[in-house]
Amino acid sequence: MHQSLRLLGIGGIGIIRMSGKECFTVLDRIFTPKKPQSHEEIKGYSMKYGVIQEKGQVIDEVLVSYFKEPKSYTTENMCEINSHGGNVIVRKILELCLQNGAELAEPGEFTKRAFLNGRIDLLQAESVIDVIHAKSEREAKTSIKQLEGALSDKIHEIKQEIMDVMINLEVVIDYPEYEIEEITKQEIENMLQSVEKKLKRLEKTFDEGKIIKEGIKTAIIGRPNAGKSSLLNAILQEERAIVTEYEGTTRDTIEEFVTIAGIPLKLIDTAGIHEAKDEVEKIGIQKAKQIADEADLVIAIFDSTRELSDEDRQILAMIKERPSIIVLNKTDLPAKIDETTKELQYFSSSLLKISALNQWGLDALYSKIEEMFHLEEINLDQDVVVTNLRHKKLISKAIQKVEEAKKTIEQNMPIDICSIFIKEILEDLAKITGEFVTEDIIQEIFSQFCLGK
């Protein structure tokens, strides 16, 4: 099968990629190099200038990159037509490719071929998606490490440690007359303890990985006119939310991403919490409460020029048991509440004073977030970090199987029972890298890709 695809949108350059046994044959039917040369003579990793033609009529001047099997992204013959980036030109070249024998690629098909042909494993293929969708430098760095095989290497290392002991285990099962069972049991016990320790270390990194990949979901809540939208605008350095002197301007949520210490913060500005006057306001307020309940972090903002109201006390009660930061806004004006206010003393360790209007106190807010989520402790240069929920679930399953295997030894059960759980550990780890995985899982993973990758 040979594929081509188009990259939608107007740009300086448009790229149409083909891969497969016959891709150069399709290319020869539409591409004429400036210096006539057959594709057999052209070396891989080279680029040729020429024209795309249809029935002798020039469609565009192009540069074509040649990649010859097995040294290509898919390990198959592959070419990329670099044309001018107008939609009309790109679409016309794409149509010519299809008319001359190419087939349109499915989402993720090029990376899927790279996986099926053994150039990358499934874990590395999934990291391609993460590189494309990275929202911060740290996420991109983690994804690149996984694409390079850092986590794959760690999984293979653990699997090899298991396999080294499985050899003796199989001997005991197949040849029970040899009296080496006790020695083998001790080896298995040592191996299981070592593997469990390594798997738990990987599992533990998921909390950090989730922050790196998904960011910190941060709800900004408060009464109307406390300064929620002003704070959002100050952090974003742009007028993203409408700010007026009138209460209830924000009736729905506004979501934006910002990066703090290399970690994306998903900021959600919510409707002001107060006694609603109409149904639309009531829906917005209910939504604000729900978002605050689901958020990783709540920034509760209060107008320091006003005494605490019943709505303010309701907000304080709402966030008492949640990760939260109390922000006293408008501190450039005479204050009526501060850290000595009775109701705020419980929150003294997470209370900050700012002026959203003057953008004063934002650095202290960023530092507090770093401190709360230990962002400075996430060391991507040394650690292998699990960021994918599928991988985390399989690691957790493998840990459960390790514990089951350990129980069989503690209870002096037949050694072949232990071997069943050890093989299941290997299967769970093989599912991460794709060595033992169903077609349905493969299809689900690659359906998340964009066309062209």
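The values are calculated or read from the model by the stated rules, or taken from the named source; none is laboratory data. No experiment lies behind these values; they were computed from the predicted model shown. In this analysis, Cβ positions are derived from the backbone assuming ideal geometry, glycine residues included, and neighbour counts consider all displayed protein chains.
Take the conditions modelled with pLDDT of 90 or more, surrounded by fewer than 18 Cβ atoms within 10 Å (Cβ to Cβ) and not acidic (Asp, Glu) and apply them to Lys423. Does it pass?
Values: modelled with pLDDT of 90 or more: yes; surrounded by fewer than 18 Cβ atoms within 10 Å (Cβ to Cβ): yes; not acidic (Asp, Glu): yes.
Yes.
Just checking, which of Glu371, Glu427, Glu444 is in a helix (DSSP H, G or I), touching a Phe, Trp or Tyr at 6+ places or on another chain (Cβ under 8 Å) and without any contact (Cβ under 8 Å) to a residue 60 or more places away in the chain?
Numbers: Glu371 fails: touching a Phe, Trp or Tyr at 6+ places or on another chain (Cβ under 8 Å); Glu444 fails: touching a Phe, Trp or Tyr at 6+ places or on another chain (Cβ under 8 Å).
Checking each option against the conditions leaves just Glu427.
Pick from region 397-420 the residues that are of a type in the set (Asp, Glu) and modelled with pLDDT under 95: which of them is farthest from Leu122 (Cα to Cα)? Explain how you work it out, then say what you get.
Let us first name the residues in region 397-420 that are of a type in the set (Asp, Glu), namely 403-404, 410, 416.
Then drop every residue that is not modelled with pLDDT under 95, which leaves 410, 416.
Values: Glu410: 36, Asp416: 31 Å.
Across region 397-420, the extreme among qualifying residues is Glu410.
Out of all the residues in region 430-441, which are in a loop (DSSP other than H, G, I, E, B) and either at pLDDT 85 or above or farther than 24 Å from Leu147 by Cβ (or both)?
If we filter region 430-441 for residues that are in a loop (DSSP other than H, G, I, E, B), which is where we start, we get 434-438.
If the condition is that a residue be in a loop (DSSP other than H, G, I, E, B) and either at pLDDT 85 or above or farther than 24 Å from Leu147 by Cβ (or both), then Gly434, Glu435 are the ones that fit.
Tell me which residues, restricted to region 32-52, are touching a strand residue (DSSP E or B) at 6+ places or on another chain (Cβ under 6 Å) and of a type outside the set (Lys, Arg). Before the answer, list the steps.
Taking region 32-52 and keeping what is touching a strand residue (DSSP E or B) at 6+ places or on another chain (Cβ under 6 Å), we get 32-34, 42, 44, 46-52.
Those that are touching a strand residue (DSSP E or B) at 6+ places or on another chain (Cβ under 6 Å) and of a type outside the set (Lys, Arg): Thr32, Pro33, Ile42, Gly44, Ser46, Met47, Tyr49, Gly50, Val51, Ile52.
Checking Asp164 against (1) in contact with a strand residue (DSSP E or B) (Cβ under 7 Å, 6 or more places away or on another chain); (2) at pLDDT 85 or above, only one condition comes out false. Which one?
(1)
Across region 212-225, what is the total count of residues that are of a type in the set (Val, Ile, Thr), crowded, with 23+ Cβ neighbours inside 10 Å and within 14 Å of the chain's Cα centre (by Cα)?
Adding up the residues that qualify gives 1.
Which pairs turn up if I take residues in region 29-57 that are exposed (fewer than 10 other Cβ atoms within 10 Å of the Cβ) and look for partners that are outside any loop (DSSP other than H, G, I, E, B) and of a type in the set (Lys, Arg) with beta carbon separation below 9 Å, at least 6 apart in sequence or on another chain?
Lys35/Lys48
For residues that are within 28 Å of Leu389 (Cβ to Cβ) and at pLDDT 80 or above, scanning just region 236-259, find the one that is surrounded by the most Cβ atoms within 10 Å (Cβ to Cβ).
First, pick out the residues of region 236-259 that are within 28 Å of Leu389 (Cβ to Cβ): 253-259.
If we keep only those that are at pLDDT 80 or above as well, we get 255-259.
Working: Glu255: 12, Glu256: 16, Phe257: 12, Val258: 18, Thr259: 14.
Across region 236-259, the extreme among qualifying residues is Val258.
If the requirement is being among the charged types (D, E, K, R) and modelled with pLDDT under 90, which of these qualifies: Arg6, Arg17? Show your work before the answer.
Numbers: Arg17 fails: modelled with pLDDT under 90.
So the residue among Arg6, Arg17 that is among the charged types (D, E, K, R) and modelled with pLDDT under 90 is Arg6.
State the number of residues belonging to region 109-134 that are surrounded by fewer than 18 Cβ atoms within 10 Å (Cβ to Cβ), not in a helix (DSSP H, G or I) and not polar (S, T, N, Q). Please lay out each step first, then the result.
First, the residues of region 109-134 that are surrounded by fewer than 18 Cβ atoms within 10 Å (Cβ to Cβ): 116-118, 131-133.
Narrowing the set further to residues that are not in a helix (DSSP H, G or I) leaves 117-118.
Checking which are not polar (S, T, N, Q) leaves us with 118.
Total meeting the criteria: 1.
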